[in-house]
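Report on the structure given below.
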Amino acid sequence: MAVARVACRAQVGLHAPLVQVEVSLASGLPAFCIVGLPATVVKESKERVRSALLNSHFEFPAGRITVSLSPAELPKEGGRFDLPIALGILIASGQIRSPPRAGGSCEFYGELGLTGELKPVRGLLLAAAHARAQGHELIVPQANAAEAAAVAPAHARTAGHLLEVCAHLRGAALLPPCAAPARRLSAPSRGAAAFETSTDLADVRGQLLAKRALVVAAAGAHSLLLVGPPGSGKTMLAQRLPGLLPALADGEALEVAAIAAVSAAGFLAERFGERPFRAPHHSASVAALVGGGARALPGEISLAHHGVLFLDELPEFARAVLEALREPLETGVVAVSRAAVQTQYPAAFQLVAAMNPCPCGRLGDPSGSCRCTPAQVRGYRARISGPLLDRFDLHVEVPRLAAAEFEIPTDGAETSAAAAARIARARAAQIARQGTCNARLGDAGVQRWCVPDEAGRRLLQCTMQRLGISARARHRLLRVARSIADLEGTRAVSATHIGTAVMLRFMDRGATAPSAACDRRPA
């Protein structure tokens, strides 16, 4: 009886546990059995492996072939085990020798075509990252070269066919290493690489208050709600936020890439190092937003990790979908549980939402064309629950521009590059002072780093009494005030910073009541 062992990795959530593919050849009636909790696609590898070996001019052993995927209790999915199984059969039958690197120090991945070509597999970036951490070499299909090189260029080699892998193991023709990826742009340009050429902050006309709120939100990673009529520029403002954010650190870029690699869409090597910008449609389900499905895949909030989640037409989302955001907004993680799979994904996203002021969208318009009754306005805004609204650090009005404002030249407006430089300095000050951005500060951090001066404390007390804001909203006011102070480069949080933070939360000022414009109906 001959036994061969070849290393590979499974993919469970954001983990890639090591799997030993053990192949045993024994005498007896011809049989090919795969054990170790394989999914259907793994069981079907028997026919792919048989055809690939025969079409590559190898001998398929007669007798009983047993393939064990260890550990046995770990679910195995995908076609990534085809190449290890084929190599195990060849090594066990003596058709190729087993050099030292064919054991635990080298890992093999690839789905086999019927003629022996290697096809790409999903989620390989996680396996490459774990292999690099353990100092293992890995051999991957050529189509996965960019994905493996993004995290382990010195450890990965690529092959296009089963025969190339066998020649490499024999020492006849070594496989080429993956080419190192092109170096990303330096900060702050790297974080804005996908947006800086087409979405500049200077292109947004007027909306000085909304622009200021956007800069403050970027400086402290605060959540932002934009309220205004259709066509006032809410979506334009949200699309410019990624271009204002600082560059991702190497660890953050790897987290973002790992989540994308296990998603349904997969990982794009050219997007490595960019902050994600996700904008799901308002018809999205809870599972689409939070994550789920039979394999507990990550949802939009996890795909927006370390980036921006933009919810346009916020009141149009289902109530259950919006309420599902409350816990991830506080904790930065989301647990996805299914009958057979339980996994946890990071979800430290920056939420930006946009909504109309009323059902028709023209409340407060100078033309007085809004026909919505006060009850209709209240019902429309009541679709957003108080607890969720409380979790927005900033909510500002984005009014419709007058015709004359479109004639004003934008040459002197602040560009995304200039704003990003200010934001990068503010973020750097936050990291040096407290180790995280202001929006992530807990209660102890707020009490230590966001203490206002005496005038600011009196203003905050007066604001709480007059507006009746909650303790959560009070903490968020202090965090926003701290971000405003960081943008100005001051150490103390003053009454001016508190007042500006209050001004940037207009929904706390009784804004749920419709303005007089909705009563100006034509006769």
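The values are calculated or read from the model by the stated rules, or taken from the named source; none is laboratory data. These figures come from a predicted structure and were not determined experimentally. A quick note on method: Cβ atoms are made from the backbone with ideal geometry, for glycine too, and the neighbour counts reach across all protein chains shown. To get the accessible areas, we keep the full protein, side chains included, count just its heavy atoms, and leave off ligands, DNA and RNA. Shrake-Rupley method; radii C 1.70, N 1.55, O 1.52, S 1.80 Å.
Based on what the data block shows, is Pro346 farther than 23 Å from Ala146 by Cα, without any contact (Cβ under 8 Å) to a residue 40 or more places away in the chain and not charged (D, E, K, R)?
Numbers: farther than 23 Å from Ala146 by Cα: yes; without any contact (Cβ under 8 Å) to a residue 40 or more places away in the chain: no; not charged (D, E, K, R): yes.
No; evaluated as a whole, the condition is false for this residue.
Got a sec? Which helices (runs of 4 or more DSSP H) wholly within the range 288-346 have at least 2 residues that are touching a strand residue (DSSP E or B) at 6+ places or on another chain (Cβ under 6 Å) and either under 13 Å from Leu14 (Cα atoms) or at pLDDT 95 or above (or both)?
Numbers: elements: 300-303, 319-323, 326-331.
In the range 288-346, 300-303 are the helices (runs of 4 or more DSSP H) which contain 2 or more residues that are touching a strand residue (DSSP E or B) at 6+ places or on another chain (Cβ under 6 Å) and either under 13 Å from Leu14 (Cα atoms) or at pLDDT 95 or above (or both).
Among (1) open to solvent by 60 Å² or more (accessible area, probe 1.4 Å); (2) farther than 22 Å from Pro315 by Cα, where does Gly456 come up short?
(1)
Glu111 is checked against (1) surrounded by fewer than 18 Cβ atoms within 10 Å (Cβ to Cβ); (2) touching a residue at least 40 places away in the same chain (Cβ under 8 Å) and fails just one. What number does that condition carry?
The failed condition is (1).
Considering only the range 371-416, how many residues are under 18 Å from Glu313 (Cα atoms) and in a loop (DSSP other than H, G, I, E, B)?
Count: 10.
A quick yes/no check of all residues on (1) in contact with a Cys (Cβ under 9 Å, 6 or more places away or on another chain); (2) open to solvent by 10 Å² or more (accessible area, probe 1.4 Å); (3) under 23 Å from Ser337 (Cα atoms):
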residue	(1), (2), (3)
Leu14	no, yes, yes
Leu29	no, yes, no
Val42	no, no, no
Pro61	no, yes, no
Thr66	yes, yes, no
Leu83	yes, no, no
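When Ile96 is evaluated against the numbered criteria (1) of a type in the set (A, V, I, L, M); (2) at pLDDT below 95; (3) open to solvent by 30 Å² or more (accessible area, probe 1.4 Å), which criterion, by number, is the only one it fails?
For Ile96, the exception is condition (3).
Select from the range 162-205 the residues that are part of a helix (DSSP H, G or I) and modelled with pLDDT under 75 and list them in ascending order.
Restricting attention to the range 162-205, the residues satisfying the condition of being part of a helix (DSSP H, G or I) are 162-170, 190-192, 201-203.
Residues satisfying the conditions are Arg190, Gly191, Ala192.
Of the conditions (1) exposed (fewer than 15 other Cβ atoms within 10 Å of the Cβ); (2) touching a helix residue (DSSP H, G or I) at 6+ places or on another chain (Cβ under 6 Å); (3) within 16 Å of Ala72 (Cβ to Cβ), Val21 clears all except one; give me its number.
Exception for Val21: condition (1).
Tally up the residues in the range 259-292 that are of a type in the set (Gly, Ala, Ser), open to solvent by 40 Å² or more (accessible area, probe 1.4 Å) and either touching a helix residue (DSSP H, G or I) at 6+ places or on another chain (Cβ under 9 Å) or under 21 Å from Leu224 (Cα atoms) (or both), please.
The total comes to 5.
Return yes or no: is Arg391 at pLDDT below 95 and over 27 Å from Leu248 (Cα atoms)?
no
Here's the yes/no breakdown for (1) modelled with pLDDT of 90 or more; (2) over 26 Å from Ala347 (Cα atoms); (3) not acidic (Asp, Glu):
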residue: Ala403; (1), (2), (3): no, yes, yes
residue: Trp449; (1), (2), (3): yes, no, yes
residue: Pro452; (1), (2), (3): yes, yes, yes
residue: Gly456; (1), (2), (3): yes, yes, yes
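Checking the structure you have, find out if any residue of the range 95-113 is under 16 Å from Leu18 (Cα atoms) and of a type in the set (S, T, N, Q). Spell out the reasoning first.
Of the range 95-113, the ones under 16 Å from Leu18 (Cα atoms) are 101-110.
Remaining after also requiring of a type in the set (S, T, N, Q): 105.
Yes.
Return the pairs, sorted by first residue and then second, in which the second residue is polar (S, T, N, Q), the first residue lies in the range 135-156 and is open to solvent by 20 Å² or more (accessible area, probe 1.4 Å), the beta carbons are less than 8 Å apart, and the residues are 6+ apart or on different chains.
Gly135/Ser105; His136/Ser105; Glu137/Ser105; Gln142/Thr158; Ala145/Thr158
This table checks each residue for (1) open to solvent by less than 60 Å² (accessible area, probe 1.4 Å); (2) more than 20 Å from Leu126 (Cα to Cα).
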position	(1), (2)
Ala304	yes, no
Val308	yes, yes
Asp312	yes, yes
Thr331	no, yes
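For the range 388-414: of the residues being touching a residue at least 40 places away in the same chain (Cβ under 8 Å) and open to solvent by 50 Å² or more (accessible area, probe 1.4 Å), which is farthest from Gly332 (Cα to Cα)?
Filtering the range 388-414 for residues that are touching a residue at least 40 places away in the same chain (Cβ under 8 Å) and open to solvent by 50 Å² or more (accessible area, probe 1.4 Å), the one farthest from Gly332 (Cα to Cα) comes out as Ile408.
State the number of residues belonging to the range 337-363 that are open to solvent by 10 Å² or more (accessible area, probe 1.4 Å) and either charged (D, E, K, R) or on the phi > 0 side of the Ramachandran plot (or both).
The total comes to 2.
State the number of residues belonging to the range 347-370 that are at pLDDT 90 or above, part of a loop (DSSP other than H, G, I, E, B) and of a type in the set (Gly, Ala, Ser).
Final tally of qualifying residues: 2.
Could you list, ordered by first residue, the pairs with Cβ atoms under 6 Å in which the first is in the range 458-469 and of a type in the set (A, V, I, L, M, F, W, C) and the second is modelled with pLDDT of 90 or more and open to solvent by less than 60 Å² (accessible area, probe 1.4 Å), at least 6 apart or interchain?
As it stands, the answer is Leu459/Ala495; Leu459/Ile498; Leu460/Ile498, since those pairs meet every condition given.
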